[in-house]
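Participant: The following block contains the structure, expressed as structure tokens.
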Amino acid sequence: MSRTLIRNGLVITASDEIGTDVLIEDEKVVALGTSDGWTADTVIDATGKYVIPGGVDAHTHMELPFGGTFASDTFETGTRAAAWGGTTTIVDFAVQSVGGTLREGLDAWHAKAEGNCAIDYAFHMIMGDVTEGSLKEMETLIGEGITSFKLFMAYPGVFYSDDGKILRALQKGAETGGLIMMHAENGIAIDVLVEQALARGNTDPKYHGVVRHALLEAEATNRAIKLAQVAGSPLYIVHLSAIEALAEVTRARDEGLNVFAETCPQYLYLSTDDLARPGFEGAKYVCSTPLRPEEHQAALWKGLRTDDLSVVSTDHCPFCFKGQKELGLGDFSKIPNGLPGVETRMDLLHQAVLDGHIGRRRWIEIACATPARMFGLYPRKGTIAPGSDADVVIYDPAATQVLSAETHHMNVDYSPYEGRTITGKAQTVLSRGRVIIDNGEYLGSAGHGRFLRRETCQTLR
Ligand code: DUC
Ligand code: ZN
Ligand code: ZN
């Protein structure tokens with residue numbers, strides 16, 4: 001048995017901040033307290049540092065096929081980058097293709113991930129084809145720890161589900177405990193606006209933000225909420241970016257409905273000004289839902305404080321500028337949708353603590369504890385407590401760093417935050433008791449990360 005002792009740090013969880021020591025045996029946290037009399041093989045001095053749970057990023061897309069190309073991070077490169085940024089669990093999206101089964105999609109994702117991950121991983125399932133068969137398969141998958149299912153109201157002809165299919169999936173979710181995650185944008189209306197914009201010669205990246213109108217996010221969010229209400233099902237809205245959509249979620253929650261939503265750092269820190277950068281630079285900022293005008297940011301921060309937004313995940317879906325984003329030169333609708341972010345989420349949210357948007361415990365709540373609870377991983381992940389996996393980050397709240405593609409570890413040739421200075425950085429990262437990052441050195445290995453079978457949602461009211 002190996003024992004690690006982390007001494008003299010400030011342990012921060014979603015509920016507490018305590019100056020205490022942490023004892024780890026093999027892969028688990030076994031005790032918090034005063035370490036007098038405790039023996040250990042390895043002692044980590046965390047004086048002046050935070051000791052926080054490893055981040056849980058509940059929304060990533062490693063190797064996602066999209067727009068004729070693939071997201072540029074593999075499970076190997078993407079999970080390694082996550083580790084550098086203090087994230088020790090990802091929940092990625094396996095994809096059911098049209099005409100295929102959930103099983104085929106899940107098997108393909110297991111094959112991509114197994115033996116390649118630096119940190120632990122789990123899967124949601126994208127239902128690209130809601131049929132009698134795939135609805136039945138939901139039950140089987142829940143038994144295998146795939147307990148959440150993403151549907152799309154956008155992308156007609158690719159991932160899109162109509163209202164009937166959505167209602168059936170929500171009903172199945174209500175029956176089985178599977179949580180439906182919704183990409184809430186009215187894709188049918190958006191496609192009309194795309195066609196009209198291109199016909200007018202409006203081909204630049206900034207038009208991506210214009211056609212994906214905030215009201216079409218709000219309308220879809222409202223419709224998804226009503227369908228969930230009819231089905232008697234909880235609902236989780238992914239990557240919420242618009243004030244108007246947040247208002248729909250807030251109203252539903254005020255009515256007492258089990259409606260939850262996440263936002264992502266790009267919506268908190270970037271805006272349509274970035275999409276409108278000169279030349280083709282704006283393509284670096286094309287994702288869906290799109291970036292919004294800057295005034296939406298204050299509403300999202302408020303939503304995070306009031307818990308109308310419960311989670312910050314990344315929607316990490318990187319495409320290189322050269323050769324991938326460039327597929328949309330002359331036609332914004334052909335720019336692959338997605339931004340990198342798995343490495344920078346914990347630090348950008350720590351910056352939000354310093355900027356006064358959220359408190360320290362709320363930082364851990366939205367980045368670690370709630371995503372773990374929402375997706376059935378708590379308290380194994382998302383906290384530091386006896387019995388939890390020893391996924392622990394020694395975090396230096398005073399270290400400064402300049403975000404840049406030159407220094408990041410994600411497999412993508414640009415940083416959306418190039419040149420931005422932020423304060424705070426993971427110094428040492430443990431995944432199930434093993435040090436995988438230490439003072440600027442990667443000590444992990446592909447294949448250390450294990451597949452996590454998840455329970456059903458633990459957040460229902
Ligand atoms: N949004 C993105 O930006 N990328 C992948 C899929 C999605 O919904
Ligand atoms: Zn989506
Ligand atoms: Zn996504």
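Participant: Which cross-chain or sequence-distant (5 or more) residues have an amide H under 5 Å from the amide H of V91, H modelled 1.01 Å from N in plane?
Facilitator: D57, A58, H59, T60, A122
Participant: Can you compute the charge dipole magnitude of the range 106-230 about its Cα centre, using +1 on each Lys and Arg Cβ and -1 on each Asp and Glu Cβ, nothing else charged? Give it in debye, rounded to the nearest 20.
Facilitator: Values: 11 positive and 17 negative charges, 72 e Å.
Dipole about the Cα centre, nearest 20: 340 debye.
Participant: Next up: I need to check one value: relative contact order of the chain, counting alpha carbon pairs closer than 8 Å and at least 6 residues apart, in percent.
Facilitator: Working: 1142 pairs, mean separation 102.1, N = 461.
Relative contact order comes out at 22 percent.
Participant: I would also like to ask the following. Sort the following peptides by mean Cβ neighbour count (other Cβ atoms within 10 Å, averaged over residues), highest first: 166-175, 338-347. Numbers along the way, then the final one.
Facilitator: Working: 166-175: 20.8, 338-347: 27.0.
Top to bottom by mean Cβ count within 10 Å: 338-347, 166-175.
Participant: Expected output is a single nm value to one decimal: the length gained when fully extending between L354 and D254, i.e. 0.36 nm times separation in residues minus the C-alpha distance. What is it? Walk me through the numbers before you get to the answer.
Facilitator: On the way: separation 100, 0.36 × 100 = 36.00 nm, distance 2.95 nm.
Extra length from L354 to D254 when fully extended: 33.0 nm.
Participant: If I model a spin label as a point 7 Å beyond the Cα along the Cα-Cβ vector, how far apart are those points for F70 and K334 in nm?
Facilitator: 2.2
Participant: Per residue, how much space in cubic angstrom lies within the convex hull of the C-alpha atoms of the range 368-451?
Facilitator: Hull volume over Cα atoms, normalised by residue count, gives 134 Å³.
Participant: In nm, what is the difference between 0.36 nm times the number of residues separating H110 and T140 and their Cα-Cα distance?
Facilitator: Working: separation 30, 0.36 × 30 = 10.80 nm, distance 1.57 nm.
Gain on extension, H110 to T140, equals 9.2 nm.
Participant: Calculate the dipole size of the range 172-310 relative to its Cα centre from +1 charges on Lys and Arg beta carbons and -1 charges on Asp and Glu beta carbons; express the result in debye to the nearest 20.
Facilitator: Working: 13 positive and 19 negative charges, 19 e Å.
So the dipole magnitude of the range 172-310 works out to roughly 100 debye.
Participant: What FRET efficiency do you get for W38 and N8 if R0 is 22 Å and r is their Cβ-Cβ distance, rounded to the nearest 0.05? Don't skip to the end; give the middle numbers.
Facilitator: On the way: r = 13 Å, r/R0 = 0.59.
E(calc), rounded to 0.05, equals 0.95.
Participant: Work out the charge dipole of the chain with +1 on the Cβ of Lys and Arg and -1 on the Cβ of Asp and Glu about the Cα centre, then indicate which of V43, A174, V393 is farthest towards its positive end.
Facilitator: Checked the options; the winner is A174.
Participant: For A174 and K322, what does the FRET efficiency come to when R0 = 45 Å and r is the distance between their Cβ atoms, rounded to the nearest 0.05? Before the final figure, lay out the partial values.
Facilitator: Values: r = 46 Å, r/R0 = 1.02.
The pair A174/K322 has a calculated efficiency of 0.45.
Participant: Taking the Cα-to-Cβ direction at R200 and at D45 and moving 7 Å from each Cα, how far apart do the two end points lie in nm?
Facilitator: Modelled inter-label distance: 6.4 nm.
Participant: Going down the table (K165/K325; K49/K381; K325/K425; K302/K425; K28/K112; K302/K334), which pairs top 23 Å between alpha carbons?
Facilitator: Working: K165/K325 32 Å; K49/K381 21 Å; K325/K425 29 Å; K302/K425 25 Å; K28/K112 27 Å; K302/K334 34 Å.
Distance filter (> 23 Å) returns K165/K325; K325/K425; K302/K425; K28/K112; K302/K334.
Participant: Arrange H316, H296 by Cβ neighbour counts within 10 Å, fewest through most, would you? Walk me through the numbers on the way to the answer.
Facilitator: Details: H316 30, H296 22.
Final ranking by Cβ density, sparse to dense: H296, H316.
Participant: Could you give the dipole magnitude of the chain about its Cα centre, charging the beta-carbon of Lys and Arg +1 and that of Asp and Glu -1, in debye to the nearest 20?
Facilitator: Values: 42 positive and 60 negative charges, 86 e Å.
Dipole of the chain, to the nearest 20 debye: 420 debye.
Participant: What is the spread of the Cα atoms of the range 113-184 along each of their three principal axes, largest first, in whole Å?
Facilitator: Largest first, the range 113-184 extends 39, 27, 19 Å along its Cα principal axes.
Participant: Now a separate question. Which far-off residues, 5 or more places away or on another chain, put their amide H under 5 Å from the one on G9, with H placed in the peptide plane?
Facilitator: The list, which skips near neighbours in sequence, is T20, A46.
Participant: Karplus couplings for the range 310-323 from phi (6.51 cos²θ - 1.76 cosθ + 1.60, θ = phi - 60°), rounded to Hz, Gly and Pro as x?
Facilitator: Values, residue by residue: 9, 9, 10, 10, 9, 6, 3, 8, x, 9, 5, 5, 6, x Hz.
Participant: Report the full-extension gain for the segment A247 to M1: residue separation times 0.36 nm, less the Cα-Cα distance, to one decimal in nm. Please report the intermediate quantities before stating the final value.
Facilitator: Numbers: separation 246, 0.36 × 246 = 88.56 nm, distance 5.18 nm.
The span from A247 to M1 would gain 83.4 nm if fully extended.
Participant: May I ask for the Rg/Rh ratio of the range 319-461, computed from Cα atoms with Rh as the Kirkwood radius, given to two decimals? Please list the in-between numbers first.
Facilitator: Numbers: Rg = 17.5 Å, Rh = 17.4 Å.
In the range 319-461, Rg relative to Rh is 1.01.
Participant: Shifting gears a bit: So who's got an amide H within less than 5 Å of the one on F66, skipping anything under 5 residues away but keeping other chains? H placed 1.01 Å off N, in plane.
Facilitator: Close amide H contacts, sequence-distant or interchain: A71.
Participant: Could you grab the relative contact order for the range 292-435? Cα pairs under 8 Å, six or more apart, rounded to a whole percent. Provide the component values of the computation, followed by the final result.
Facilitator: Numbers: 204 pairs, mean separation 31.6, N = 144.
Computed over the range 292-435, the figure is 22 percent.
Participant: Another question, then. Across the Cα atoms of the range 56-172, what radius of gyration and what greatest pairwise Cα-Cα distance (Dmax) are found, in Å?
Facilitator: 14.3, 43
Participant: With the Cα gyration tensor of the chain in hand, convert its eigenvalues to equivalent ellipsoid semi-axes via √(5λ) and list them largest first in whole Å. Show your work: numbers first, answer last.
Facilitator: On the way: eigenvalues 235, 122, 85 Å².
That gives 34, 25, 21 Å for the three semi-axes.
Participant: May I ask you to evaluate 6.51 cos²θ - 1.76 cosθ + 1.60, the Karplus curve with θ = phi - 60°, for each residue of the range 116-126 and list the ³J(HN,Hα) values in order in whole Hz, giving x for glycine and proline?
Facilitator: 10, 8, 7, 9, 5, 9, 9, 10, 8, 10, 7
Participant: Next question. For the chain, what proportion of DSSP beta bridges, expressed in % and rounded to the nearest 5, is antiparallel? Walk me through the intermediate numbers first.
Facilitator: Working: 33 of 70 bridges.
Expressed as a percentage, antiparallel bridges in the chain total about 45.
Participant: Let me ask you something else. For the range 283-293, take each phi angle, set θ = phi - 60°, evaluate the Karplus expression 6.51 cos²θ - 1.76 cosθ + 1.60, and give the result in whole Hz per residue in order, putting x for glycine and proline.
Facilitator: 4, 4, 10, 7, 8, 10, 4, x, 4, 10, x
Participant: Within a 10 angstrom radius of the beta carbon, how do T42, T79 rank from fewest other beta carbons to most?
Facilitator: Details: T42 13, T79 32.
With the sparsest Cβ surroundings first, the list reads T42, T79.
Participant: Taking other Cβ within 10 Å of each residue's Cβ, how do C320, C117, C368, C287 sort, fewest first?
Facilitator: Numbers: C320 18, C117 29, C368 32, C287 26.
Least crowded to most crowded, the residues run C320, C287, C117, C368.
Where a number appears in this text, it was derived from the coordinates with a stated rule and is not lab data. This structure is a prediction, so every number in the text was calculated from the model and none was measured. No Cβ is skipped: glycine too gets one built from the backbone with ideal geometry, and neighbour counts run over all protein chains shown.
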